[in-house]
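Asker: The following block contains the structure, expressed as structure tokens.
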Amino acid sequence: MNNLKEILKGTEYNVLSVEGETSGEWVLIDLGDLIVHIMKPEVRTYYNLEDLWKETPSSEKGDRQQAS
């Protein structure tokens, strides 16, 4: 957290709030227009964020549009 505060010095961002710092599993830092998520590797693996937010291949998009 201190590293992030140091990096943010001199920028337009200020730390508005921090959640999860006591558990340390997943920390959310609210910078206003920007939200920073810091999590342990096992938590990241559990939530599988890369697959959750990956772009759907165009062939699957077409299939979904035809099914509607």
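The values are calculated or read from the model by the stated rules, or taken from the named source; none is laboratory data. Only a predicted model underlies this, so the values are computations on that prediction, with no experimental measurement involved. Virtual Cβ from ideal backbone geometry, glycine too; neighbours counted across all protein chains shown.
Asker: Looking only at region 1-11, decide whether some residue is at pLDDT 80 or above and in contact with a helix residue (DSSP H, G or I) (Cβ under 9 Å, 6 or more places away or on another chain).
Answerer: Among the residues of region 1-11, not one is at pLDDT 80 or above and in contact with a helix residue (DSSP H, G or I) (Cβ under 9 Å, 6 or more places away or on another chain), which makes the answer no.
Asker: Another question about this same structure. Search region 36-53 for residues being surrounded by 11 or more Cβ atoms within 10 Å (Cβ to Cβ), hydrophobic (A, V, I, L, M, F, W, C) and assigned to a helix (DSSP H, G or I), and hand back the single one that is modelled with the lowest pLDDT.
Answerer: Leu49
Asker: Then there is this: Which one of these does Asp33 not meet: (1) more than 21 Å from Asn3 (Cα to Cα); (2) modelled with pLDDT of 90 or more; (3) outside any helix (DSSP H, G or I)?
Answerer: Every condition holds for Asp33 apart from (1).
Asker: When residues of region 10-30 are filtered for being surrounded by 14 or more Cβ atoms within 10 Å (Cβ to Cβ), outside any strand (DSSP E or B) and in contact with a strand residue (DSSP E or B) (Cβ under 9 Å, 6 or more places away or on another chain), how many remain? Show your work before the answer.
Answerer: Step one: list which residues in region 10-30 are surrounded by 14 or more Cβ atoms within 10 Å (Cβ to Cβ), which gives 13, 15, 18, 20, 26-30.
Now narrow it down to the ones that are outside any strand (DSSP E or B): 13, 15, 20.
Applying the additional criterion that residues be in contact with a strand residue (DSSP E or B) (Cβ under 9 Å, 6 or more places away or on another chain) yields 15, 20.
Of the residues in that region, 2 qualify.
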